[in-house]
Amino acid sequence: MNYDLTTINMTKYLPVHIVRHVIQSETKKALPFLQNLETVTMFADISGFTSISETIGKMGARGAEDLVFCINRYMEGLVKCIEKYGGDIIKFVGDAMIVLWPKVDKEPLMITVKKAVQSALEIQQELNNKQIMQNVSKLSVKV
């Protein structure tokens with residue numbers, strides 16, 4: 001599928017599967033609309049964020065900047081692992097996220113499950129118990 005600039009900009013604000021559904025729909029739909037789909041869902045929650053925030057909070061403004069930088073790098077790692085296996089982040093909820101793997105047309109649901117599990121295993125391998133700053137506790141991920 002070819003995506004134009006408008007589509008790419010829309011995916012900054014809407015989950016990719018919703019943008020795809022609207023584009024591929026043959027009829028215009030009144031908003032809001034209901035979309036039924038089979039999916040695998042993953043919840044990923046970062047652990048250790050509160051203790052890091054408290055530790056870095058004592059460092060003043062520079063500490064806050066370092067914290068934002070490190071958390072952004074950590075979240076980028078999560079997003080890369082999810083996108084690598086075709087996941088679609090539906091919502092960020094504080095230091096957690098909700099991710100969907102919609103079932104692809106005639107592909108067996110087990111393939112979709114496998115993609116989600118592979119993503120979760122890679123997240124655990126790459127990002128669990130990760131030191132994001134010196135002298136600060138480690139972050140881990142509950143999936």
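Numerical summary
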quantity	calculated
Alpha-carbon centroids, the range 81-143 and the range 7-72: separation in whole Å	12
Estimated inter-spin distance, Lys106 and Asp45, nm [label 7 Å along Cα→Cβ]	4.1
Binned Cα-Cα distances of the range 81-143, short to long, each 5 Å bin given as a whole percent	4, 17, 22, 23, 16, 10, 5, 3, 1, 1, 0
The chain: relative contact order in percent, alpha carbon pairs under 8 Å with at least 6 residues between	31
Which listed pairs, of Lys58/Lys142; Lys91/Lys142; Lys80/Lys130, have C-alpha distances above 20 Å, in listed order	Lys58/Lys142
Chain lengthening between Met59 and Gln124 when straightened (0.36 nm per residue, less Cα-Cα)	20.5 nm
Cross-link partners of Lys106 among lysines (Cα-Cα below 20 Å; sequence separation of 8 or more within a chain)	Lys114, Lys115
Per-selection metrics, the range 37-142 (Cα): Rg and Dmax in Å	15.7, 54
3J(HN,Hα) from dihedral phi, the range 34-46, Karplus parametrisation 6.51/-1.76/1.60, rounded to Hz, x for glycine, proline	9, 10, 8, 7, 8, 8, 10, 10, 10, 10, 10, 10, 7
Gain on full stretching of the segment that runs from Gln35 to Val117 - 0.36 nm per residue minus C-alpha separation	27.1 nm
Within a Gaussian network of the chain (alpha carbon springs, distance under 10 Å), most fluctuating of Gln131, Gln24, Gln118	Gln24
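Bear in mind that the values in this text are calculations on the coordinates, not laboratory data. Quick caveat: nothing in here was measured; it's all calculated off a predicted structure. Cβ atoms come from the backbone with ideal geometry, glycine included; neighbour counts cover every protein chain shown.
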